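See structure below.
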Amino acid sequence: MIKTKDIWIAGFALFSLFFGAGNLILPPSLGAKSGADWWIVVLGFVLTAVTIPILAIFAHAKLQGTLYDFGKKVSPIFSTAYCMLIYAIAIAIPSPRTAAVTHEMAIHPFFETPPILTSIIYFIVVFIFAINRNKIISLIGKFLTPIIVLILFIIIGVSIFTTSGTVNPSTFTTPFVDGILEGYQTFDAIGGVVVGAVIIISLNLKGDDSFEERKKLITKAGIIAGAGLLLIYGGLILSGSLFSSTFAENASRTDVLTSLSTQTLGNLGTTFLSILVALACFTTAVGIVTGTADYVKGICKDSKQAFIITAAIACIIGVIVGSYQVDFIITLAVPALMFLYPITIVLILLNIVPNKYASKLVFRSVVLVTFVFSITDFLGFIIPRENLTGIKNIIPLANQSLGWVLPALMVFVGLNLRKIR
């Protein structure tokens, strides 16, 4: 029988596995740019950084398998390729980014050590946690997450009650769309399909609960994690907006967060922020490395050696890429996100809807159309955008980098209406 305590621990663990580098540094900067339109930006940001990721957890609760199960209705080849791409990008970008953020915000203000040294020590500890994966939910849910949440609520609370009241005008022309696209940078949709699998495997290792009991636990834990993310994101975006007039015009994302913590918590701000950054980033890196190693272990007939080797390789990649600056890693991530995010979103949604509306034909057609119509969004960050003006003017929402949305929706609705007839 699953206890309420187990649900809250799993919910806290999920929140912490989601809440990493991007989740921390993106919202305040987004709020600073949005100004008085902060609430519109919140709606867009929450759509891709909370709603879709938590739906991924609900899909995991329904499937209770691995990431491979998300795309197997398209084809085994597609699902295998998709898994490999997801895990390769996860260990190459968001995981190393956590080390880079930790160095810039938690280590560099106190020590003049090189970023490579931070990355080495950081991923050694990540590796230790990963190979003790059966204790992950308990360690993160019981101890690390409460500290993260407490510090965040202190920063948000103080910022709301101490603001000067001067809010800059918004720099966004389409704040809702800008919020959606900035939500991509959190990697939370991808995180949802990756860390959801970590939770599933951890629960399987922990006990003998039935399928339905695990489903209830995962679903309720997802709601808890989603509520936490919603409150934190909304609070950080509002805080960034309220203090928007105090930030330097060209302040980086990390500069905005550092300034916000200093203004709200005074001289202790840097210390508190350092602890917060280190904890938030670390838990996400553990989730990504563990999830990747779990996948490889699964395709290698549950080989423990495969798990350890994969975790080690993921940590070595983290050391190398994590030694670069945060803004460089974020810029590097954009093309990969514009390519994988639309496909990930439709796979999550198709696995949520009742099976009678998500046949193999629907899966294949919707995923294919999504891929085709997101090509212009992907290419827009590789080649000059003016070269794509003609085709972008033809496709609805393409100029907002959402050209795949209407075609995918039309195919989904059309195929299901045809089946009803």
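The values are calculated or read from the model by the stated rules, or taken from the named source; none is laboratory data. Keep in mind the model is a prediction, meaning the values are calculated, not measured. Glycine gets a Cβ as well: all are built from the backbone with ideal geometry, and neighbour counts include every protein chain shown. Accessible surface areas use protein heavy atoms only, side chains included; no ligands, DNA or RNA. Shrake-Rupley method; radii C 1.70, N 1.55, O 1.52, S 1.80 Å.
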query: Which residue, of S365, S323, is in contact with a Leu (Cβ under 8 Å, 6 or more places away or on another chain) and hydroxyl-bearing (S, T, Y)?
result: S365
Per-region count, segment 280-330, residues under 17 Å from V125 (Cα atoms) and either at pLDDT below 90 or surrounded by 23 or more Cβ atoms within 10 Å (Cβ to Cβ) (or both): 21
query: Does segment 409-421 contain any residue that is within 19 Å of L337 (Cα to Cα), open to solvent by less than 70 Å² (accessible area, probe 1.4 Å) and touching a helix residue (DSSP H, G or I) at 6+ places or on another chain (Cβ under 7 Å)?
result: no
- line: Output for Cβ contacts, cut-off 7 Å, separation at least six or different chains, first residue in contact (Cβ under 8 Å) with a residue 40 or more places away in the chain and over 15 Å from N168 (Cβ atoms) in segment 25-50, second open to solvent by less than 40 Å² (accessible area, probe 1.4 Å) and among the acidic types (D, E), reads L26/E182; F45/E182; A49/D188
query: Just wondering, is there one or more residues in segment 307-319 that are touching a residue at least 12 places away in the same chain (Cβ under 8 Å) and under 16 Å from the mean Cα position of the chain (by Cα)?
result: no
query: Does I155 satisfy the criteria of being among the aliphatic types (A, V, I, L, M), within 24 Å of S245 (Cα to Cα), touching a residue at least 40 places away in the same chain (Cβ under 8 Å) and out of contact with any strand residue (DSSP E or B) (no Cβ under 6 Å at 6 or more places or on another chain)?
result: yes
query: Only one of S241, S159, S202 is closer than 16 Å to F45 by Cβ, assigned to a helix (DSSP H, G or I) and open to solvent by less than 50 Å² (accessible area, probe 1.4 Å); which?
result: S241
Number of the condition not met by T258 [criteria: (1) open to solvent by 30 Å² or more (accessible area, probe 1.4 Å); (2) in contact (Cβ under 8 Å) with a residue 60 or more places away in the chain; (3) over 23 Å from the mean Cα position of the chain (by Cα)]: (3)
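Okay, residues lined up against (1) in a helix (DSSP H, G or I); (2) open to solvent by less than 60 Å² (accessible area, probe 1.4 Å); (3) under 30 Å from L337 (Cα atoms); (4) modelled with pLDDT of 85 or more:
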| position | (1), (2), (3), (4) |
| --- | --- |
| G141 | yes, yes, yes, no |
| E182 | yes, yes, yes, yes |
| V198 | yes, yes, yes, no |
| I223 | yes, no, yes, yes |
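Quickly run through segment 61-73 and pick out the residues that are open to solvent by less than 20 Å² (accessible area, probe 1.4 Å) and either assigned to a helix (DSSP H, G or I) or of a type in the set (A, V, I, L, M, F, W, C) (or both). If you could, list the steps in order and put the result at the bottom.
Here is the first cut: in segment 61-73, the ones open to solvent by less than 20 Å² (accessible area, probe 1.4 Å) are 61, 65, 67, 70-71.
Result: A61, L67, F70, G71.
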Any chance L368 is within 19 Å of L406 (Cα to Cα), open to solvent by 20 Å² or more (accessible area, probe 1.4 Å) and not polar (S, T, N, Q): yes
- line: Filtering segment 225-250 down to residues that are over 30 Å from L55 (Cα atoms) and at pLDDT 85 or above yields L242, F243, S244, S245, T246, F247
- prompt: Any idea which residue in segment 225-237 is nearest to the chain's Cα centre (by Cα), counting only those that are open to solvent by less than 10 Å² (accessible area, probe 1.4 Å) and among the aliphatic types (A, V, I, L, M)?
  reply: L229
query: Residues of segment 212-230 being touching a residue at least 40 places away in the same chain (Cβ under 8 Å) and of a type outside the set (D, E, K, R), which ones?
result: L217, I218, T219, A221, G222, I223, I224, A225, G226, G228, L229, L230
task: Out of N399, N393, report the one residue that is at pLDDT below 90, part of a helix (DSSP H, G or I) and either touching a helix residue (DSSP H, G or I) at 6+ places or on another chain (Cβ under 7 Å) or within 27 Å of P76 (Cα to Cα) (or both).
output: N399
field: Among (1) closer than 25 Å to D178 by Cα; (2) small (G, A, S); (3) not in a helix (DSSP H, G or I) - the single one S323 does not satisfy
entry: (1)
message: Taking the conditions exactly as written (outside any helix (DSSP H, G or I), open to solvent by 70 Å² or more (accessible area, probe 1.4 Å), over 24 Å from P53 (Cα atoms) and free of Cβ contacts under 8 Å to residues at least 60 places away in the same chain), does I382 satisfy them or not?
response: yes
query: In this structure, does L30 turn out to be crowded, with 21+ Cβ neighbours inside 10 Å and touching a Lys or Arg at 6+ places or on another chain (Cβ under 7 Å)?
result: no
query: Would you call I218 modelled with pLDDT under 85, open to solvent by less than 60 Å² (accessible area, probe 1.4 Å) and out of contact with any Leu (no Cβ under 6 Å at 6 or more places or on another chain)?
result: no
task: Among the candidates F58, F78, F111, single out the residue that is hydrophobic (A, V, I, L, M, F, W, C), open to solvent by 10 Å² or more (accessible area, probe 1.4 Å) and assigned to a loop (DSSP other than H, G, I, E, B).
output: F111
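Within segment 312-330, how many residues are under 10 Å from I91 (Cβ atoms) and among the aliphatic types (A, V, I, L, M)?
Let us first name the residues in segment 312-330 that are under 10 Å from I91 (Cβ atoms), namely 313-318, 321.
Okay, now just the ones that are also among the aliphatic types (A, V, I, L, M), so 313-314, 316-317, 321.
Residues that pass the stated criteria total 5.
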